[in-house]
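Below: one structure, written as structure tokens.
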Amino acid sequence: MAYLMQGLCGLPRYEPGEHEEGEGFVRLNTNESPFPPSPGVAQAVAEQIDRLQFYNDPDCAALRAAFAKVIGVTPDCVLAGNGSDEVLYWAFMAFADASHPILLPDVTYSYYDLFAAALGIPLERAPLKGDFTVDVSDYCGAGRTVLLANPNAPTGYALPVSSIEWIVRSNPQSVVIIDEAYADFGAESCVMLTQRYPKLLVTRTFSKARSLAGARIGFAVGCPALIEELNSVRNAVNLYSVSRMAQAAGEAACRENDYYMNNCRRIVASRAYATQALRDRGFTVLDSVTNFVFARCGFMDAAALQRALRVRGFLVRRWDAPRIADWCRITIGTQAQMEALIAAIDDIKKEGDTHAQRAD
Ligand code: PMP
């Protein structure tokens, strides 16, 4: 640490979900898609190999145009980055600083803490209500930059567009950032509000619904003037961050959007199955509109459940954080994976019951 600048000493660490690719684990810990990318993606990526000596398009023009068409805005309303994490980091740089804090919920996506720490931006936290829902009044007339993951992670709850509009209208002088990483699984997207509210910025990702987590593709959507401001930051720090392969993959994914929307419907069906099956086994499960469920086990603590599932080949996510330490976040995989998970839980419960009987 001898050379690191004082302000950056002691940065918190982001603990990514365990990465156990290819070791026989079912990865239900990072909210990836269980489905592979659509067929056109492989071909589009392959076509770029022979052109890798050339720089990629810094404007990501074709990718932006393709995504703009999918969501129904013009390309100048869209900016592309290396995953939505990068886009969010630029938004922190652009719309907050040491004397302009960001207001956000106490329980939300934990990477925000690191962006803020790295940039010296204070965070002000509005506690979620006891039932983990957002108290909209906390954000109305806040008079500061607001950040909401909608749907929120790890709860899986979303606010309706009308609530987002209320928050945006009551903060005419402040940028409101809505992180819609999980918006494709049943929540209402507020991207169209960006056409009416010049300070609303919406971020999206191709890491979840579009099966491209490893390609790193994310977007910001806003009115052209706001996007231009964000673009001036992007220009200064990482103009070429979306590789040739990623741009081609993203464009192909836009062309094959129906494939991904169909996969989302499959996830939604398996989410309904998993939610009910967990509840039948005594879990408390929040009503998710995402590709994960947030659940508390009724018969053992969350850390023990996480360990027991790991032994049986399933990775799930848990945090040692206030309010949520006894909850697990479980990604929705294929229907077969969900049925296997439930069978593993039955096995864990049975083993626990047997131990309890022995102890009697
Ligand atoms: N926002 C939320 C709420 C997330 O959960 C994630 C993924 N972990 C991201 C943003 C970032 O996703 P990516 O950088 O892969 O687009």
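The values are calculated or read from the model by the stated rules, or taken from the named source; none is laboratory data. Since the structure is predicted, the reported quantities are computational estimates derived from the model, not experimental observations. Glycine also receives a Cβ, built like all others from the backbone with ideal geometry; neighbour counts cover every protein chain displayed. Keep in mind that these areas ignore ligands, DNA and RNA; they rest on the heavy atoms of the full protein, side chains included. Shrake-Rupley method; radii C 1.70, N 1.55, O 1.52, S 1.80 Å.
Within the stretch 166-181, can you find the residues that are of a type outside the set (A, V, I, L, M) and open to solvent by less than 20 Å² (accessible area, probe 1.4 Å)?
Once the filter is applied, which keeps residues that are of a type outside the set (A, V, I, L, M) and open to solvent by less than 20 Å² (accessible area, probe 1.4 Å), the stretch 166-181 yields Asn171, Ser174, Asp179, Glu180.
Let me confirm something: among Ala46, Ala66, which residue is in contact with a Cys (Cβ under 8 Å, 6 or more places away or on another chain) and open to solvent by 10 Å² or more (accessible area, probe 1.4 Å)?
Just a single option satisfies the conditions, and that option is Ala66.
Regarding Ala336, is this residue open to solvent by 50 Å² or more (accessible area, probe 1.4 Å), small (Gly, Ala, Ser) and within 20 Å of Arg266 (Cα to Cα)?
yes
Please verify whether the stretch 335-357 includes one or more residues that are in contact with an Asp or Glu (Cβ under 9 Å, 6 or more places away or on another chain) and closer than 30 Å to Ala44 by Cβ.
No, that holds for no residue.
Are there any helices (runs of 4 or more DSSP H) wholly within the stretch 45-154 with 2 or more residues that are without any contact (Cβ under 8 Å) to a residue 24 or more places away in the chain and either within 17 Å of the chain's Cα centre (by Cα) or more than 16 Å from the ligand (Cβ to nearest atom) (or both), and if so which?
61-71
Working only within the stretch 116-167, note down all residues that are touching a Pro at 6+ places or on another chain (Cβ under 9 Å) and either modelled with pLDDT under 95 or acidic (Asp, Glu) (or both).
Listed by number, the residues that qualify are Glu124, Asp135, Asp138.
Exactly one of (1) surrounded by fewer than 17 Cβ atoms within 10 Å (Cβ to Cβ); (2) more than 18 Å from Tyr109 (Cβ to Cβ); (3) at pLDDT 95 or above is unmet by Ala325. Its number?
It is condition (2) that Ala325 fails.
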